[in-house]
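Everything on this sheet refers to the single structure shown next.
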Amino acid sequence: MFYRFRISITLALLLSLVLVIPAFAGGWAVITLDQLPTGVVAGEPLTIGFTVLQHGKTPMDGLDPTITATSSKSESFVVHAKPEGETGHYVATLTFPVEGNWNWSIQAFSMEQAMPALSVTAPIAATVSQQPVAATAPISAVWIVRILALVIGLAGLVVAYQHKSRLAVGLTAVCLLVGLGSFVTGSSVPVSVEAQSKPSSEVSAPSISQVELGRQLFLAKGCITCHYNSKAAQIDDYWTIDMGAPNLSKFSASPEVLRIRLKDPKMAKSDTQMPNLKLADDEIEALIAFINSK
């Protein structure tokens, strides 16, 4: 019995070493999403771009990353990413088959990094374009009078021409003027009957707070790989490498200091190991709001 217990302990230790040693031997990387997806619609292709940085610094090429997505109804699919652009940058096209909440993660090198969950909306039916339909009005007494005036005028013109009568010519002219004038003043452009409302084909992304946006960026940009933050996720949900980087769960700093450090880490500290993630200004502001949130 004691012999079996020692064997079990030995195997557990060996398994722990197998899992831990790669992280210290260069077997870990930071996966940084280009930007957070918004307005995701079921059945429509979504292009995802990301960069894989070994130790958060060195772009890694020659990888075969995959993206796995799983819905709340246990539907799942996997797509392969291909290199595109600069070294270490990959893209993949995802098409979510149905609407709902989807969890997804990127697997590259030795890492599997979960990304913020996506809310996929249902597709909006394509609007059928309708040709304008002219509204036809029934023939009224006014139109009958106009037509009779023209007919009488034309008939009078013939009679006046045959009998050379000035009176007939005058009456004919009056009838023609009345008839033509009524057509000109009474005519109007047919009214077009169009669809009263057309649904928009664009899907608006749900509005989220600056702090929530910063939390999602903290995960999507790979910050949690080196800095654990209990406000971002549970400790068991992500693999945070213990390389001496500070735990940011209770950390806060002035926005000015954080702005410099996030914009260009080496400007804040020349010997820093923190990579420059080339964050946009609005991403930096959202991260500052999250880091300083209570």
Subject >> Listed pairs 82/269; 73/294; 231/266; 82/263; 269/294; 231/278 exceeding 30 Å between Cα atoms >> reply: 82/269; 73/294
Original post:
Separation between the residue 122 and residue 99 pseudo-spin-labels, each 7 Å from Cα along Cα→Cβ, expressed in nm?
Top reply: 0.5
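Starting from 0.36 nm per residue, how many nanometres of slack lie between residue 58 and residue 112 once their C-alpha separation is accounted for? Display every interim value, and only then the final one.
Working: separation 54, 0.36 × 54 = 19.44 nm, distance 1.77 nm.
Contour length minus Cα-Cα distance gives 17.7 nm.
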Subject >> Per-selection Rg to Rh, region 28-70 - Cα, Kirkwood hydrodynamic radius >> reply: 1.04
Original post:
How big is the Cα convex hull of region 247-294 in projection, averaged over all directions, in nm²?
Top reply: 3.3
**OP:** Provide the gained length on full extension for the span residue 282 to residue 84, in nm with one decimal, where the gain is 0.36 nm per separating residue minus the Cα-Cα distance.
**Re:** 68.8 nm
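Of all the accessible heavy-atom surface of region 251-294, with the other protein chains kept in place and a 1.4 Å probe, what percent is carbon and sulfur? Don't jump to the answer; show the numbers that get you there.
On the way: 1560 of 2700 Å².
Solvent-exposed carbon and sulfur of region 251-294 make up 58 percent of the total.
Can you tell me how much longer the chain between residue 212 and residue 264 gets when fully stretched, taken as 0.36 nm per residue apart minus their C-alpha distance, in nm with one decimal?
16.4 nm
The values are calculated or read from the model by the stated rules, or taken from the named source; none is laboratory data. Predicted model, so just to flag it, every value in this text is computed and none were measured. Backbone-built Cβ (ideal geometry, glycine too); neighbour counts: all protein chains shown. SASA here: full protein model, heavy atoms, side chains in, ligands and nucleic acids out. Shrake-Rupley method; radii C 1.70, N 1.55, O 1.52, S 1.80 Å.
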